[in-house]
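What follows is a set of notes on a single structure, which appears directly below.
The values are calculated or read from the model by the stated rules, or taken from the named source; none is laboratory data. Note that the structure is predicted; figures quoted are calculated from it, not measured. Here the Cβ positions follow ideal geometry from the backbone for every residue, glycine too, while neighbour counts run over all protein chains shown. These area figures cover heavy atoms from the full protein model, side chains too; ligands, DNA and RNA do not enter into them. Shrake-Rupley method; radii C 1.70, N 1.55, O 1.52, S 1.80 Å.
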Amino acid sequence: MRPNNESMTVEKKAQTLKNTVLSLPSTFIVFLGRTFRGHHHDDKMLQQAFPPEMDWLSDLHIRVDLGSQGMQSDDHLDQLDMPHTKPRKSPKNPQPALSAAQKAVHKALSQIRIFVEHAIGGMKRSNILVHSFRNRTEHFEDDAIGVCAGLWNLVLSY
């Protein structure tokens, strides 16, 4: 039996573009990593931008999300704030949950890390980053997001 072509819908998945962004609490962007196309782990992207053997980040107080779980052991960081992972569900622990102290730490970290999200949102005021990117020029995504980050920093400076 042949399928009816009118009832079939095929959706093409959009490729994601990811960058590493470091910003100050004032949402000023101080570092913008190169653009990665597709699925890439945050920790691997950070290792390419800042190789662990160089001690780039050893003097800084860094706050990351759970995408950078291996960062503390790789980079030998003393001042690293990372949220706790929720325990796995098991027969001994059928309803895993974080403790009240861990939830308080998460809330404090999220109140600080929200500034990075605001910086990314400020860059996305430029519609070129919001809509699907159709330009086929090689490495043009890096140029486009760099210009958007520069425009955001210019807005903050006035």
Residue under evaluation Lys12, criteria (1) over 30 Å from Leu129 (Cβ atoms); (2) out of contact with any helix residue (DSSP H, G or I) (no Cβ under 9 Å at 6 or more places or on another chain); (3) part of a loop (DSSP other than H, G, I, E, B); (4) modelled with pLDDT under 75, criterion not met: (1)
Taking Asn153, is it of a type in the set (S, T, N, Q), under 17 Å from Ser26 (Cβ atoms) and open to solvent by less than 80 Å² (accessible area, probe 1.4 Å)? yes
If I go through the range 97-149 residue by residue, how many of them are acidic (Asp, Glu), assigned to a helix (DSSP H, G or I) and open to solvent by 60 Å² or more (accessible area, probe 1.4 Å)? 2
